[in-house]
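The values are calculated or read from the model by the stated rules, or taken from the named source; none is laboratory data. What you see is a predicted model; the values in this text were computed from it and never measured. Because the Cβ atoms are built from the backbone with ideal geometry, glycine has one as well, and the counts that use them run over all protein chains shown. Only protein heavy atoms, including side chains, enter the accessible area calculation; ligands, DNA and RNA are left aside. Shrake-Rupley method; radii C 1.70, N 1.55, O 1.52, S 1.80 Å.
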Amino acid sequence: MADGNSKSSNQMWGGRFASGPDAIMEEINASIGFDKKLYAQDIRGSKAHAAMLAHQGIISAEDKDQIVAGLDTILAEIESGRFEFSRRLEDIHMNVEARLAALIGPAAGRLHTARSRNDQVALDFRLWVKEEMGRTEKALTGLISAFLDRAEEHADTVMPGFTHLQTAQPVTFGHHCMAYVEMFGRDRSRVRDAIARLDECPIGAAALAGTGFPIDRHMTAQALGFREPTRNSIDTVSDRDFALEFLSIAAIAATHLSRLAEEIVIWSTPQFGFIRLSDAFSTGSSIMPQKKNPDAAELVRAKTGRINGALIALLTVMKGLPLAYSKDMQEDKEQVFDAAESLELAIAAMTGMVRDLTVRADRMKAAAGSGYSTATDLADWLVREAGLPFRDAHHVTGRAVALAEERGCELSELPLADLQAVNPAITDRVYGVLTVEASVASRTSFGGTAPSGVRRQIAWWRERL
């Protein structure tokens, strides 16, 4: 029987967990494998906390000086790769604290006065996300700048505008670029809004109820670059809205990047041929020498799945947690770290592609006139010049398009007599609106595709960038 129990135990605790339940608990409990990424924020927070404790007379100035010197040593060890992280010590906080005790002795134990790992991790993570969103804002600004440069270069370059991926009306490539400026501009504004919302300092909330020590939370908030301390200790340690907001912003931005990537993939095909990607952002086929694959764009498109998954994962972690802190929240960081890395890479790749791609203006212009894209211009002309109600003009234009299809020509190639047979009010002045250049030039309404309007959009954004 003993042998049987031993065999059963080996099966249950075998493999990676051969040493039994203790090994499983260590494996599931440890977060040092990923939260060591927070080392700089953890040390920065501890130094600010120690300075506040000394200022308030809670610890001595001598202890504070030893703590700060020890933390500086640990920071140097980590950044030089000499620090040995231990899984037994679970997380970045305990790893730093244990090393501090080895360096300076009993004074290290005074650092944790008036704080808990609950508010400590909230601080570290909030600091990291705030810094990451600053990097995201800078990256988005670079992408917007790349689009502004291309828009300025191609404010007059005519291309087809699409709905349902069908040729709709002529637009300019500059106008199309400015659509992405608006998209990524909204992403950038969301980043700024989120930074303003998270700009509150968690340290001092302690485990969940605050502390009886006479701490100065405004001092630590100011030292750490926050606008002010958080106002409710329970919410402070249980809040991960700042992480959810970052993931939401990342998911929306990734969606915009994916839409752009999809257009790059389509436009770089021989069937479209609107753009040509450089060798830096494409690869050849292993078997078909004629091919040039838009791999970078395809990978940007795929990154959206990872980022969306991170958002859903953290939403799911948080949805059923009672107040205040629960260990479930340890699962917040890997999702954010992975999404941040994916988003940084996707923005960098797309910025490079936008700056590097070759625009084939001749192919764009040829396609701009296909599919009777100036039909709406004919209808508008009939309303303006012949006084027809728009619905009647729409009907007349449909008959003209049908005639052009029957003759196998463009609207601008139909003889005046044929157009007048459709409606006698049509005069030769109509040919002034049936070219793609005339079409885009006429769209002068605010936000329209006219080159003059595109240049105004560019100037407006340059002032605010």
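Taking 7 Å steps out from each Cα toward its Cβ at Ala76 and Ala421 produces label points 9.3 nm apart. Rolling a 1.4 Å probe over the protein heavy atoms gives the range 396-465 an accessible area of 54 Å² per residue. For the range 249-389, the Kirkwood estimate of hydrodynamic radius, built from reciprocal distances between every pair of different alpha carbons, is 18.6 Å. Ordering Lys365, Lys319, Lys47 by accessible surface, largest first, gives Lys319, Lys365, Lys47; the 1.4 Å probe counts only protein heavy atoms, with every chain in place. Quick check: the angle from helix 117-153's long axis to the longest principal axis of the chain, C-alpha only, nearest 10 degrees? Helix 117-153 sits at roughly 20 degrees to that axis.
In the complete set of protein chains, residue-level accessible area for Asp193 is approximately 80 Å², probe 1.4 angstrom.
Expressed as a whole percent, the accessible area of the range 245-365 that falls on carbon and sulfur atoms is 55 (1.4 Å probe). Partner lysines whose Cα lies under 30 Å from the Cα of Lys365, excluding those fewer than 8 positions away in the same chain, are identified as Lys291, Lys292. Accessible surface area normalised per residue over the range 350-395 is 48 Å², counting heavy atoms of protein chains with a 1.4 Å rolling probe.
What separates the Cα centres of the range 397-462 and the range 363-378 is a distance of 8 Å.
Ordering Ala340, Ile195, Gly432 by the projection of their Cα atoms onto the charge dipole of the chain, which places +1 on the Cβ of Lys and Arg and -1 on the Cβ of Asp and Glu, puts Gly432 at the extreme positive end. Taking the inverse of the mean 1/r over every pair of distinct Cα atoms in the chain gives a Kirkwood hydrodynamic radius of 26.9 Å.
For the chain, the residue among Pro170, Leu416, Val237 whose Cα projects farthest onto the positive side of the dipole built from Cβ charges is Leu416.
Taking all protein chains as they are arranged and a probe of 1.4 Å, the heavy atoms of Arg217 leave approximately 50 Å² accessible to solvent. Under the convention that each Lys and Arg Cβ holds +1 and each Asp and Glu Cβ holds -1, the size of the dipole of the range 311-364 around its Cα centre is about 240 debye. The residues of the range 58-191 present an accessible area of 40 Å² per residue when probed at 1.4 Å with all protein chains retained. Working note: Karplus 6.51/-1.76/1.60 with θ = phi - 60° gives the range 395-404 the couplings 5, 4, 4, x, 5, 5, 5, 4, 5, 5 Hz, where Gly and Pro are set to x.
Calculated from DSSP H runs of 4 or more alone, at -39500 (n - 2.57) each and per residue, what is the 222 nm mean residue ellipticity of the chain, nearest 500?
-20500 deg cm²/dmol
Between the amide H of Met159 and those of Val171, Thr172, Phe173, distances stay under 5 Å, these residues lying 5 or more places away or on another chain, with hydrogens modeled in the peptide plane. What is the distance in Å between the Cα centroid of the range 313-360 and that of the range 185-217? When both Cα centres are located, 20 Å separates them. Counting only Cβ charges, +1 for Lys and Arg and -1 for Asp and Glu, the dipole size of the range 403-457 around its Cα centre is about 500 debye. Peptides 132-140, 154-162 ranked from most to least packed give 154-162, 132-140, packing being the mean of other C-beta atoms within 10 angstrom over each peptide's residues. In degrees between 0 and 90, to the nearest 10, how far off the longest principal axis of the chain does helix 2-13 point, with axes built from Cα atoms? So the inclination is approximately 40 degrees.
The length gained by stretching the chain between Phe272 and Arg455 to full extension, at 0.36 nm per residue less their Cα-Cα distance, is 63.2 nm. The accessible surface of the range 108-232, taken with every protein chain in place and a 1.4 Å probe, is 50 percent carbon and sulfur. Normalised by the number of residues in the chain, the mean separation of alpha-carbon contacts (under 8 Å, six or more apart) gives a relative contact order of 16 percent. Whole-percent P(r), the range 326-465, all Cα pairs, 5 Å bins from 0: 2, 8, 12, 14, 13, 10, 8, 7, 7, 6, 5, 4, 3, 2, 1, 0, 0. Think of the range 236-367 as a dipole: +1 on every Lys or Arg Cβ, -1 on every Asp or Glu Cβ, centred on the Cα centre; then among Gly309, Ser248, Ser268, Ser268 lies furthest on the positive end. Charge dipole of the chain (Cα centre as origin; +1 on each Lys and Arg Cβ, -1 on each Asp and Glu Cβ, all else neutral): 200 debye, rounded to the nearest 20. If you sort Ile195, Ile92 by accessible surface, 1.4 Å probe, largest first, the order is Ile195, Ile92.
Rounded to whole numbers, the Karplus 3J(HN,Hα) couplings from phi for the range 81-97 are x, 8, 7, 9, 7, 10, 5, 4, 8, 6, 9, 5, 5, 6, 5, 5, 5 Hz, using 6.51 cos²θ - 1.76 cosθ + 1.60 with θ = phi - 60°, and x at Gly and Pro. In the range 66-214, the inverse of the mean reciprocal separation of distinct Cα atoms equals 19.9 Å; this is its Kirkwood hydrodynamic radius.
Report, in degrees rounded to the nearest 10, the 0 to 90 angle that the Cα long axis of helix 332-356 makes with the longest principal axis of the chain. Helix 332-356 sits roughly 40 degrees off the main axis of the chain.
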